[in-house]
Amino acid sequence: MSPRLRAVRAFAVAASLGLGAPPRAGAQCLTAGPAWRNTPFDSQAAPFGATFDATPGGARIDGVTGLSLGAAADYKQLAAIVRFNNAGLIDARNGGVYAADARVPYTAGSMYRFRLAVDPVAHRYSVYVTPPGAAERLLGMNYAFRAEQALAASLNSWALQAGAGAHQVCRFALTAAPSGPDAVPPAVALTSPAHGAVLSGEATVSAEATDAVAVAGVQFLLDGANLNAEDAQAPYRTAWNTAASADGAHLLAAVARDAAGNRATSAPVTVSVKNAPSAACLASSPAWRSTPFPVQSGPFEAAFTAIPAESRIDAIVGLSRGPATRYSDLAAIVRFNNTGYIDARNGGAYGADSSFPYTAGASYRFRLAVDPAAGVYSAYVTPPGSPERTLASRYAFRAEQSAVARLDSWALQSGAGSHRVCAFAAVPAPAGPALDASAPTVAFTAPAASATVSGSVTLAVKASDDAGVAGVQFRVDGVDLGAELRQPPFSMAWDSTSAPNGAHRLTATARDAAGNRTSASIGVVAANATSPAGADRFGVKYL
């Protein structure tokens, strides 16, 4: 593309975003409130940059600015998100949680310059912030797109919203991604444990890594084999459950990788493992404790007894692929929550099929029926002196672990209070009933059939199945609208301005874990206001 054509295209993009000179009044700045505000830009499927200025209206607000595929009407529809949080700090979304690589407080009325480097192909982005009168700082390096948008391969809209207070965003613009090959490998060194250390139980292995552009991830090695999954963000560390390794000498190392594929391996460190015989019961604390069990890739059952030490704690027991060092590492989770009830994780949230209060010092027997291939599990609880009851029926694995196909470790941790877990056992499930041949049911609840729609439209269905709905996929005119929804409520926003005015067919397909599918379709008519010839929807004329 010639320099002149690139300049013309850049001006057209700026005009469509309200960044031209001069656009309609107020187009350069938007103020966030409880209602979602969306602005489209040219679809970006290759690495790109985005910049904007944001000014918080208060000292402790809750305001987000994010990038999405299509107009966003919910936090889950944003892929890359930066936030003024209600603790007075700036953070960003990293997969299933908000995080920050640096502590950046904000002040009401001060303007902060944001720069995002986005890679839709890798579903990752980095965030940089320039506070007033200060140098640019790294807020988040190589963060993953929000878990619900993990498969988004292009972005074409930016949005802002404030759940508390307000903030203003000005001068949003797209920028080109850095060009040219990166041939410089990262630098990496193990920082813990020390050479010659004698270890037992849970050990933390950590490393420092730097790169001329950016470190994409660090893979730890134990005796030459991968130790857990690659850590994609600093500080680079992983947990090693030494009880899963033989007593004696072991070799640790770390491999750092940048986005261009360059790799470097640290100098190795030799350590010794010496574990005492394991106890029948383990007590929880803020530190993560993981214990391995034989790898389970087919349906299996896990059973254990758990005893809460207090009446209102926050303590979990979960199953994972490899030792867990954070909540997002767990696939199946049961919890004594801080409201005094027992619940379980269902995809992106905790829930329970029935009310389960717990009492300090009482013993509760748990039984989990797990199907790794389907990514679901059911949880049953036997309270003291009562028969077994269903806590969770076919709940989805935690969203960050939706693709895990086998499990081999269980973990416990408590954020508040503590609990004891005894007699854990995992065994293959007994032969079950015949294959589920019953298909789900699905019906649209919004919009109404034959409705005339405009702007952002909420698509919603009611879906049910005798064994549980595994997912619902929305389509517009036969084309997928976003990713499949794995948990209720089954609803999604459709930006009808992205389609031509006229008749359109909306379809929802419900799927159960056995692969049975049922679809429902309705017709609607899009009727959005049209712009004058040769102008965009803001009335800005293109070159």
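The values are calculated or read from the model by the stated rules, or taken from the named source; none is laboratory data. None of the values given here were measured: they were computed from a predicted structure. Don't worry about glycine lacking a Cβ; one is built from the backbone with ideal geometry, like all the others, and counts go over all protein chains shown. Quick note on the areas: whole protein, heavy atoms, side chains included, nothing else; ligands and nucleic acids left out. Shrake-Rupley method; radii C 1.70, N 1.55, O 1.52, S 1.80 Å.
Quick notes on this structure:
- Test result for T65, surrounded by fewer than 21 Cβ atoms within 10 Å (Cβ to Cβ), touching a strand residue (DSSP E or B) at 6+ places or on another chain (Cβ under 6 Å), among the hydroxyl-bearing types (S, T, Y) and touching a residue at least 40 places away in the same chain (Cβ under 8 Å): no
- Single match in T497, T458 (criterion: touching a residue at least 24 places away in the same chain (Cβ under 8 Å), among the β-branched types (V, I, T), open to solvent by 20 Å² or more (accessible area, probe 1.4 Å) and part of a strand (DSSP E or B)): T458
- Listing of strands (runs of 3 or more DSSP E) fully contained in segment 345-437 that carry 1 or more residues being more than 27 Å from P489 (Cβ to Cβ) and touching a residue at least 40 places away in the same chain (Cβ under 8 Å): 364-371, 407-416, 419-428
- Selection count where residues are part of a strand (DSSP E or B), more than 13 Å from the chain's Cα centre (by Cα) and over 15 Å from S68 (Cα atoms), scope segment 92-146: 16
- Here segment 233-256 is the region considered, the condition is being of a type in the set (A, V, I, L, M) and open to solvent by 20 Å² or more (accessible area, probe 1.4 Å), and the residue that is nearest to D408 (Cα to Cα) is A244.
- Across segment 174-187, a minimum of one residue is classified as under 25 Å from the mean Cα position of the chain (by Cα), at pLDDT 90 or above and open to solvent by 30 Å² or more (accessible area, probe 1.4 Å).
- Among (1) within 23 Å of A234 (Cβ to Cβ); (2) assigned to a strand (DSSP E or B) - the single one G63 does not satisfy: (1)
- Which listed residue, of S200, S266, is touching a residue at least 12 places away in the same chain (Cβ under 8 Å), more than 21 Å from S328 (Cα to Cα) and open to solvent by less than 30 Å² (accessible area, probe 1.4 Å): S266
- Flag for A259 being out of contact with any Ser or Thr (no Cβ under 6 Å at 6 or more places or on another chain) and under 28 Å from V381 (Cα atoms): no
- Single residue of A203, A234 found to be at pLDDT below 90, closer than 30 Å to A403 by Cβ, among the small types (G, A, S) and assigned to a loop (DSSP other than H, G, I, E, B): A234
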